[in-house]
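S.K.: Quick one: the structure is below, and I'll ask about it shortly.
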Amino acid sequence: MIKHIVMWKLQEFAEGKSKEENAKVIKEGLESLINKIDTLKAIEVGININETAQAFDIVLYSEFDTVEGLDVYQNHPEHLKVAGFVRSVVSERVVADYEV
């Protein structure tokens, strides 16, 4: 199993919306992918409640059977739509992929 975890810091204001509004758009967009991409086995998107400077604003946790399944997800047209919006509102990103 492959676990794919991404955390983002969002711009305070982007695409005509506040950071909080954009976090909700990202959450809804990513969570909708579970019904659109067969290789996506599990997904959880959380909006941060920790207000320290070190905290990221939103986190994605997802699972795939194989690295190839993760690749299918990352290149799927529905994911690319969501990812395009995410890139337009993000100021910082970190990622980790690992096998269990």
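S.K.: Determine the gain in length on full extension of the stretch Lys36-Phe13; use 0.36 nm per residue of separation and subtract their C-alpha separation, reporting nm with one decimal.
M.R.: Full extension from Lys36 to Phe13 adds 5.4 nm.
S.K.: For the range 6-20, just list the computed ³J(HN,Hα) in residue order, Karplus coefficients 6.51, -1.76 and 1.60, θ = phi - 60°, integers in Hz, with x standing in for Gly and Pro.
M.R.: Result, ordered by residue: 10, 10, 10, 9, 9, 5, 4, 8, 7, 6, x, 9, 6, 4, 5 Hz.
S.K.: Continuing with this model, one more query. Along the Cα-to-Cβ line of Glu78, 7 Å from the Cα, sits a label point; which residues in the range 8-29 have backbone N less than 20 Å from it?
M.R.: 24-29
S.K.: So how strong a dipole does the chain carry about its Cα centre when Lys and Arg Cβ are +1 and Asp and Glu Cβ are -1, to the nearest 20 debye?
M.R.: Charge dipole of the chain: 240 debye, to the nearest 20.
S.K.: Calculate the radius of gyration of the Cα atoms of the chain to one decimal place, then report Dmax, the largest Cα-Cα distance, as a whole number, both in Å.
M.R.: 13.3, 40
S.K.: Using 0.36 nm per residue of separation minus the Cα-Cα distance, give me the extension gain between Glu68 and Glu44 in nm, one decimal.
M.R.: 6.6 nm
Here, each number is a calculation from the coordinates, and none is a lab measurement. Please read all numbers here as calculations on a predicted model, not as lab measurements. Cβ sites come from the backbone with ideal geometry, for glycine too, and all protein chains shown count toward neighbours.
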